[in-house]
Each structure stands twice: as C-alpha cells, then as structure tokens.
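**Student:** This is the structure I want to talk about, given as structure tokens.
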Amino acid sequence: MKIDILTLFPEMFNGPLNSSILKKAQEKGIITINYINIRDFTTDRHHQADDKPYGGGAGMVMKVEPVINAYEAIPKNNSFTIMLSPQGRKFNQKFARELSRKEHLIFICGHYEGIDERVRQLIVDEEISIGDYVLTGGEIAAMVVIDAVARLVPGVLGDEVSAEEESFSDQLLEYPHYTRPRNFRGLEVPEVLLSGNHKKIDLWRKKQSLLNTFFRRRDLLKIRGLTKEEKILLWQGFFELAMLIDEIPERSE
Ligand code: 4FD
C-alpha cells in the first residue's frame, strides 16, 4: 500500500509511524509512506499557506493552490484521497477494513479554522472524522486512521492474527490477558489458563469476552446478536459471578 500525506507539519509523523509494527512494515516494503510539505508548493515569496477568510471572521483558512499543486505532483494511477475533519464520516473498524483494500491512499491534513472548500470539491474522495472532538490539525487524526488501516494490510501483522480478526473475537471486546508471573502481589492467573486444555481455554476466553461486552458495551451486543451457544455461555458467566456472593461474609442484622 502506498500512502502519501499532505501536511504543513511532516515532522509530527516521525514518532508514531516509524516505530514498532509500522516501522517493520515499511522496512519490508509492505507499506510505503511519503510526506509532502504543502509549504513547498506555495507560489508567493512569503511561502504563505494560509490566508484571511473571505467574508471576514476570526482565524485563517488554508489556501487552495498549494494543496492542489502538492496533490498534482504526486505520481498516481488508482488513488483514494482522504481529508480528516470533524465533519467527516465517522471512522470505525469496518471502515478501516474497507480502506485496507485500497492500493494508494492520499491524506490531506488541514490546520487553522479549516481548508478552502474548493479542495474538497476538487480532490477529496472521502472526508473522515475519528470522533466527535476538535483537534488543532488533521495530522493526529491521519495517524490514527493510518495505524488502524495499515495493521490490516496483509503481511503487516502476520496472517494468523488477521485471520482471527475476522472470525472468533470479532465484534466482541477482548478477554483478559496474562503472562508471567503466576502470582503478582496475591493476584493469581486464572487456573484454566495453566491447564493446557485448549478447548476449555477457548471457552473461558469466549465467556470472558461475552461478559466484558455485556457489562461495558451492551450496544455492541444488540447490533451483533448472540447465538444460542453464546447465550448459554453468558448465562454460565452470570451464574459464576452470582456464586461470588458466597465469598462475602454474613453480617449480623
Ligand atoms: N475529529 C478531527 C479532524 C481534524 C481536526 C481540521 C477542518 C479542522 C478533528 C479541517 C477543520 C481540519 C476529527 C483540523 N479535528 N482538526 O477527526
């Protein structure tokens, strides 16, 4: 996957996209990220990328010519152009999966009060919002989208994990994870995870995922639905929780 990022602040991307898994993915050549400084495409002698809004008002607006000039300098034949803004379509995992199938993504990161409307009209295929809050620029939102999309590109994580993403755990919250030591300050790793019985372990994890999702995000379960087997597992989980009442000592009345 090719990714081009149009920004006035390319240095903002250095940490997150060049660390850990995305660093490896770039080293392996699975994804290529290219930064384009919009300021390099300004045409006036002050290299001004922003200007006062027509009609007046506070703040500055990003100029159209530098953005379009920068965009037109990108070699492309089958690209998809994204602009990050609070007005965009809400980003989620399904949307990330959709974008992970594209071969070339171009991100436009706006600053100031916004971008000249004609950028949208001329080159934006989709406007995306990562959530209902306002950021100082589109860069952090672009990094969120790129991270979520890139990890779904085949080969970036390793294919066993991506296969799992689609099936077992999908649309449920995660089950609790443990590693050594077995006991930390009196907190024990659940016995079943040490049993080596993989059928039992899978069932325990599924039950924990169902309970987690039920208590924290019932809205997700209502959309997803539950199979008969899952309802039985969840009932078992409730029963086991109810049994914890017996651990509480009786108190005289
Ligand atoms: N919620 C988001 C994206 C960008 C942003 C900006 C127009 C503001 C929040 C264009 C207005 C860019 C988001 C920069 N804030 N701020 O995804």
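**Student:** If you go through the stretch 129-136 one residue at a time, do you hit one that is at pLDDT 95 or above, outside any loop (DSSP other than H, G, I, E, B) and closer than 12 Å to Met83 by Cα?
**Tutor:** Within the stretch 129-136 (the criterion being at pLDDT 95 or above, outside any loop (DSSP other than H, G, I, E, B) and closer than 12 Å to Met83 by Cα), the answer is yes, since at least one residue qualifies.
**Student:** Does Glu103 meet the test of being surrounded by fewer than 16 Cβ atoms within 10 Å (Cβ to Cβ), within 14 Å of the ligand (Cβ to nearest atom), over 16 Å from the mean Cα position of the chain (by Cα) and touching a residue at least 60 places away in the same chain (Cβ under 8 Å)?
**Tutor:** no
**Student:** Which residues, counting only those in the stretch 115-134, are free of Cβ contacts under 8 Å to residues at least 40 places away in the same chain and under 18 Å from Leu8 (Cα atoms)?
**Tutor:** Glu117, Arg120
**Student:** In the stretch 1-23, what residues are in a helix (DSSP H, G or I), of a type outside the set (Gly, Ala, Ser) and free of Cβ contacts under 8 Å to residues at least 60 places away in the same chain?
**Tutor:** Pro10, Glu11, Asn14, Lys23, listed by residue number.
**Student:** Can I ask one more? Tell me yes or no: at least one residue of the stretch 117-125 is touching a Lys or Arg at 6+ places or on another chain (Cβ under 7 Å), within 15 Å of the ligand (Cβ to nearest atom), not basic (Lys, Arg) and not in a loop (DSSP other than H, G, I, E, B).
**Tutor:** no
**Student:** Moving on. Arg224 passes all but one of (1) over 25 Å from Gln93 (Cβ atoms); (2) at pLDDT 95 or above; which number fails?
**Tutor:** The failed condition is (1).
**Student:** Take Leu172 and decide whether it is more than 15 Å from the chain's Cα centre (by Cα), modelled with pLDDT of 95 or more and surrounded by 16 or more Cβ atoms within 10 Å (Cβ to Cβ).
**Tutor:** yes
**Student:** When the residues of the stretch 58-73 are narrowed to those that are touching a residue at least 40 places away in the same chain (Cβ under 8 Å) and small (Gly, Ala, Ser), which ends up surrounded by the most Cβ atoms within 10 Å (Cβ to Cβ)?
**Tutor:** The qualifying residue surrounded by the most Cβ atoms within 10 Å (Cβ to Cβ) is Ala70.
**Student:** While we're here: Residues in the stretch 182-201: is at least one closer than 17 Å to Ile232 by Cβ, in contact (Cβ under 8 Å) with a residue 24 or more places away in the chain, surrounded by 11 or more Cβ atoms within 10 Å (Cβ to Cβ) and not acidic (Asp, Glu)?
**Tutor:** no
The values are calculated or read from the model by the stated rules, or taken from the named source; none is laboratory data. Just so it is clear, the model here is predicted, and its values are computed rather than measured. All Cβ positions, even for glycine, are placed from backbone atoms using ideal geometry, and neighbour counts span all protein chains on display.
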